[in-house]
Each structure stands twice: as C-alpha cells, then as structure tokens.
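The values are calculated or read from the model by the stated rules, or taken from the named source; none is laboratory data. Quick caveat, the model's predicted, so the values are computed rather than measured. Please note: Cβ atoms are built from the backbone with ideal geometry, for glycine as well, and neighbour counts cover all protein chains shown.
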Amino acid sequence: MRRYHWLDRIADLDPVADATEIYRISSGHEFPWDYLRALEFALLRTFCVPSISELLARTGEFEHRPQKRYDDTALLMAEIAEHGYDSTRGKEALRVINRQHRKYTISNDDMLYTLSTFVYEPIDWITEFGWRPLHPHERHAAFHHYSEVGHRMGIRDIPAGYASFRDFKQRFERERFAHSPANQAIGRYTMDLFRSWYPRPLRPLVETAARSQLDPPMLGALGLPPAPAWAGRTVRAALRGRAAVVRLLPPRRRASLTSSVGARCYPGYPAGFCPADLGADQSKADIGR
C-alpha cells in the first residue's frame, strides 16, 4: 500500500453519502492518535460552560469515576464511527447515550455545542499537528457524520452546513464561556485524570504541557494559570516533530477504533463487551479497577 492509499480512497468517496466511511478511515487509519488527543481537549472545552459543568458536578461522575466517564464517552463515539449509526452496535450505542441523557435536564444548546466540539476540535488539531493536511472531504464528512448522530440523539436545530455549524460554535463560546467553581472543579478532576496516565515524576510536566495548549478563554473559564511560553513552544515543536516521523510510516492496513481507545475500565474491549455494557454501573465495568 502506498502512503497516500487512504487519502486517495477518501477523495473517491462522497462526503455526504459516505460520511461515516470517510470519518472511519480518517479517525481509524490516518489520524487515530490525533483524534483521541483532540477529543480529550474537546471534553475540557465543554467544561468551560457553567451549565454543563454544574450538571456534571451534581452527578458526581467526574469526581468519583472520571476514568469510567472518559472511557464510556470515547467508546460510545468509537462504536458509532466504527460500525455506523444504523448498524446493530451503532444503534445500541445511541440507545445508551440517549438513556444516559434522559436522566437529566440538558438544554438543546448545550447538547448542540458539545456535538460541535466533536466535529471541529479534531479538525483544528490536525490542521496544526497532523502529518498531512485534511482533505475537504474529511472536514465535511465529520460534519455530516455528527449531524446524523445528533439527529438520532434528538438534538434540534443542527445548522445545515459546515461553516454555519462552526459559526454557532464560535458564537456560543463567546457568549457562554465564563468562570465558575463547577468549571474549575470538573477541570481539575479531568486534569488529574490526564496526569494519572503517566508515571508520577512526569505528572507536573503533563499538566504544564496540557495547559500550554489551552487558549486564554479556556484558561480563564477553568481557573487555570497559563503555562510558561517555553512549554507551548516545546510542545508544539514535539507534536510537529511527531507528525514528520508519522509521515514516513506505512499506512495502517487495519484499524479498530474501539480497541485503540485503550479503555482502562473495560480491559480488552471490545472482546467480551457490547455497547450496552457502557455507561452503567455494571460488574464488567469494574474489572479494570
């Protein structure tokens, strides 16, 4: 396989009719590491909205089970992308998502904004740090894939176009990002989760590196101090260096979005698990604890 085998395949597909296939190739074969990192920052971005973080604070999920909450979100989205939203596993994943959301009163705008971060945060990350530029089909396929997911979640008033949905996201952030104690608490639980994935001596550096990638509105809303300028320069150089190395690697012949998550609460996923095991306090979910 040539290095640009998958890019050629993406170029031959239709970004509307084949949106999920393009998204699967982009996130599973071409940029799996980048998508995971970008979606971690997407989660942090939603916590800059007081109405979202206050709900999460009331549930206690990020205080008491941050790893499980992270694994559930990542795996449910991966199930839908890997198998398609109208597949058996995709429909089951959507039922889990909708069941969890029905427990709470969540505004449509908050749901719509969260959906927008799944579209645009990976696009912005890969634009800056990806090993190649995104094809326009990848950008528009991400929008159409998540628009269909949003419709199946009952989210209303999803903008009809790629640019108008980005406009909504940017306008929402200008109007709704604000500091609150809940933002700060949920942001701290999440930052502690990210730190926990690394050996103890590296944890302060991990947090500094993460803060270096947050823009001023996020830092203010989460109550976090800015990272030193040298940290931002170092992290950006390292990420671009990584991209240069990845550019030289052969293309991935096989990709499993669900297994690439590396879910700590569901060891070996998807073997022995199904989407219905996610999002609930069940014995299988406690195996890795």
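Conditions tested, residue by residue: (1) at pLDDT below 95; (2) on the phi < 0 side of the Ramachandran plot; (3) of a type in the set (A, V, I, L, M, F, W, C).
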{"residue": "Gln100", "(1), (2), (3)": "yes, yes, no"}
{"residue": "Thr105", "(1), (2), (3)": "yes, yes, no"}
{"residue": "Pro122", "(1), (2), (3)": "no, yes, no"}
{"residue": "Ile126", "(1), (2), (3)": "no, yes, yes"}
{"residue": "Arg132", "(1), (2), (3)": "no, yes, no"}
{"residue": "Pro136", "(1), (2), (3)": "no, yes, no"}
{"residue": "Ala142", "(1), (2), (3)": "no, yes, yes"}
{"residue": "Glu148", "(1), (2), (3)": "no, yes, no"}
{"residue": "Arg152", "(1), (2), (3)": "no, yes, no"}
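So, in segment 88-113, of the ones that are within 16 Å of Glu148 (Cα to Cα) and of a type in the set (A, V, I, L, M, F, W, C), which residue ends up surrounded by the most Cβ atoms within 10 Å (Cβ to Cβ)?
Checking each candidate, the answer is Ala93.
Hey, does segment 180-192 have a residue that's surrounded by fewer than 16 Cβ atoms within 10 Å (Cβ to Cβ), outside any helix (DSSP H, G or I) and out of contact with any Ser or Thr (no Cβ under 8 Å at 6 or more places or on another chain)?
No: segment 180-192 contains no residue that is surrounded by fewer than 16 Cβ atoms within 10 Å (Cβ to Cβ), outside any helix (DSSP H, G or I) and out of contact with any Ser or Thr (no Cβ under 8 Å at 6 or more places or on another chain).
How about segment 1-41: which of its residues are of a type in the set (Gly, Ala, Ser) and buried (at least 21 other Cβ atoms within 10 Å of the Cβ)?
Correct list: Ala19, Ser26, Ser27, Gly28, Ala38.
In segment 84-132, which residues are among the basic types (Lys, Arg), part of a helix (DSSP H, G or I) and more than 19 Å from Thr59 (Cβ to Cβ)?
Arg89, Lys91, Arg95, listed by residue number.
In segment 171-205, how many residues are among the charged types (D, E, K, R) and under 16 Å from Thr114 (Cα atoms)?
So the count comes out to 5.
Within the set of pairs 6+ apart or on separate chains, which have a first residue in segment 244-265 that is at pLDDT 95 or above, a second that is surrounded by 15 or more Cβ atoms within 10 Å (Cβ to Cβ) and in a loop (DSSP other than H, G, I, E, B), and C-beta atoms under 8 Å apart?
Note: pairs meeting the criteria are Ala244/Trp131; Val246/Trp131; Arg247/Trp131.
Evaluate segment 126-139: report whether one residue or more is in contact with a Gly (Cβ under 9 Å, 6 or more places away or on another chain), closer than 17 Å to Val16 by Cβ and surrounded by 14 or more Cβ atoms within 10 Å (Cβ to Cβ).
no
For segment 48-58, state whether one or more residues are of a type in the set (S, T, N, Q) and at pLDDT 95 or above.
Yes, segment 48-58 contains a residue that is of a type in the set (S, T, N, Q) and at pLDDT 95 or above.
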